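> Dropping a structure here in structure tokens format, bear with me for questions.
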Amino acid sequence: MIPVIIIEGPTASGKTALAMQLAKLFKTEIISADSRQVYKYLDIGTAKPTNEELCDVKHHLISIINPDETFNAGMFCDNAMDIIKELSSKGKIPIVCGGTGLYIKALLEGLFECVITDKSTRLQLETEYNDKGLSSLYEELKSVDPESALSISYNDKQRIQRALEVYRVTGTTLSQHWRSQGRKSELKPFRILLFEERAVLYNRIDNRIVNMLDAGLLTEIENIMTMGYSWSSPGLNSVGYKEYVSYFEDNTLLHECTSKAQQHSRNYAKRQVTWYNKCTFNLTERYPAISICIVGDRIKSYFDSKMPEGLNENSR
RNA sequence: GGCGGGAUAGCUCAGCCGGUAGAGCAGAGGCCUGAAAAGCCUUGUGUCCCCAGUUCGAUUCUGGGUCCUGCCA
């Protein structure tokens, strides 16, 4: 079992700052579990660590793909596991830090075996959706994989298409894949959740968006467009960016876009909190109230006998 | 000043020929197995601006008021 420290929490809860402090304390590196920070050039709006922080502590899975590329939970797991093993072999406890709950769940619990690299089926399903409508796709799912259809809403286009895609490509239903999926995790995680009172968190979020503008968010967007990317690039479909389409394209007032961005960030934070409600953590704390020394000790004693060879010296 | 348009849920607005009212968004709660900052589910009693009139009954019609707003001056 490989020890890893995992830091989770809703947006603007202080994950980056805590990760920095723990990385220094344990002389280790950080693996970002963030579906947006993987994008190059989207720096300000995704609240990436600052250049200074990136120099200070080595970060992984940040700025690794272009705005017109896609990333997913499977790619995250593959990449993250490689890095985790590498760090672990050097006697370091990797710190996984990020707000993309699915990525961390996938890392800890695994995904079923299904590698779909060809995008033609997905495109085909999109065509069928446009031609015949969602209900037709849902009917197909009901006949092919009634079990999955039962748990997927007839309105949930994304999941209906996904379930059909899996079936068409692999010849096996999604529910069957899940049933035969193994759940052997190689990781021994120490999970930390950063929480905050709703009102305080919302306030932080609102301020953060304003600070992003001050930090040059609009210029960042203009630069990305100048590089040849467009609003249809997957990376730009992110909270804190997509709300500004109308500012650039339709002359919508800046403050209207900003208040939308704030609103969507709050919605996002709420969804994250709901997700975390059913996860179990070794430590639940507020930032910056959290004491690094105490957390450090808790982590050390938790891993105590599970430390890889040489780790104890490294962490002192 | 003249001619219009409007006043309905926190916000933007629907309400056909009169029977006390709904959508989207927000808010609240929840779901989540390769798009997850995505996607989805549940949840809507409010002086229908005020006053009078017509009517068995008015948010809905008529008259008067008040306040917004557009065009012309």
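The values are calculated or read from the model by the stated rules, or taken from the named source; none is laboratory data. If you're wondering where the values come from, they're calculated on a predicted model, not measured in any experiment. As a convention, Cβ positions derive from the backbone with ideal geometry for all residues, glycine included, and neighbour counts pool all protein chains shown.
> If you scan the range A:141-198, which residues turn out to be in contact with a Ser or Thr (Cβ under 9 Å, 6 or more places away or on another chain), in contact (Cβ under 8 Å) with a residue 60 or more places away in the chain and not hydrophobic (A, V, I, L, M, F, W, C)?
A:HIS177, A:SER180, A:ARG191, A:GLU196
> Another one. What is the one condition in (1) of a type outside the set (A, V, I, L, M); (2) under 24 Å from A:ALA12 (Cβ atoms); (3) within 16 Å of RNA strand B (Cβ to nearest atom) that A:GLU29 does not satisfy?
Condition not satisfied by A:GLU29: (3).
> Do the conditions hold for A:ASP68, that is, is it in contact with a Ser or Thr (Cβ under 9 Å, 6 or more places away or on another chain), assigned to a loop (DSSP other than H, G, I, E, B) and closer than 22 Å to A:TYR268 by Cα?
No: the conditions fail for A:ASP68.
> In addition: Return the pairs, sorted by first residue and then second, in which the second residue is part of a helix (DSSP H, G or I) and at pLDDT below 95, the first residue lies in the range A:225-236 and is under 14 Å from A:TYR247 (Cα atoms) and among the hydrophobic types (A, V, I, L, M, F, W, C), the beta carbons are less than 6 Å apart, and the residues are 6+ apart or on different chains.
Correct list of pairs: A:TRP231/A:VAL245.
> Just to verify a result, which residue in the range A:166-183, among those that are part of a loop (DSSP other than H, G, I, E, B) and within 13 Å of RNA strand B (Cβ to nearest atom), is surrounded by the most Cβ atoms within 10 Å (Cβ to Cβ)?
So, considering only residues that are part of a loop (DSSP other than H, G, I, E, B) and within 13 Å of RNA strand B (Cβ to nearest atom), the one surrounded by the most Cβ atoms within 10 Å (Cβ to Cβ) is A:THR173.
> Based on what the data block shows, is A:ALA47 among the aliphatic types (A, V, I, L, M), surrounded by 19 or more Cβ atoms within 10 Å (Cβ to Cβ) and within 13 Å of RNA strand B (Cβ to nearest atom)?
The answer is yes for A:ALA47.
> In this structure, does A:LYS157 turn out to be among the charged types (D, E, K, R), within 12 Å of RNA strand B (Cβ to nearest atom), at negative phi and touching a helix residue (DSSP H, G or I) at 6+ places or on another chain (Cβ under 8 Å)?
Criteria met by A:LYS157.
> Looking only at the range A:100-111, decide whether some residue is out of contact with any strand residue (DSSP E or B) (no Cβ under 7 Å at 6 or more places or on another chain), modelled with pLDDT of 95 or more and outside any helix (DSSP H, G or I).
yes
> Within the range A:139-164, track down each residue that is of a type in the set (D, E, K, R) and either surrounded by 19 or more Cβ atoms within 10 Å (Cβ to Cβ) or closer than 30 Å to A:ILE294 by Cα (or both).
Of everything in the range A:139-164, those that are of a type in the set (D, E, K, R) and either surrounded by 19 or more Cβ atoms within 10 Å (Cβ to Cβ) or closer than 30 Å to A:ILE294 by Cα (or both) turn out to be A:GLU140, A:ASP145.
> Another question about this same structure. Being in contact with a Gly (Cβ under 8 Å, 6 or more places away or on another chain) and more than 19 Å from A:VAL210 (Cα to Cα) is the filter; apply it to the range A:8-30 and report the residue that is surrounded by the fewest Cβ atoms within 10 Å (Cβ to Cβ).
Here the residue is A:LEU25.
> For the range A:205-260, which residues satisfy the criterion of being touching a Pro at 6+ places or on another chain (Cβ under 8 Å) and more than 16 Å from A:PRO67 (Cα to Cα)?
Within the range A:205-260, no residue meets the criteria.
> Consider the range A:199-224. How many of its residues are in contact (Cβ under 8 Å) with a residue 40 or more places away in the chain and over 20 Å from A:GLN262 (Cβ atoms)?
2
> Cβ-Cβ under 6 Å, sequence separation 6+ or interchain: first residue in the range A:247-263 and within 28 Å of A:PRO10 (Cα to Cα), partner of a type in the set (A, V, I, L, M) and surrounded by fewer than 18 Cβ atoms within 10 Å (Cβ to Cβ). Which pairs?
Within 6 Å, the pairs are A:TYR247/A:LEU254.
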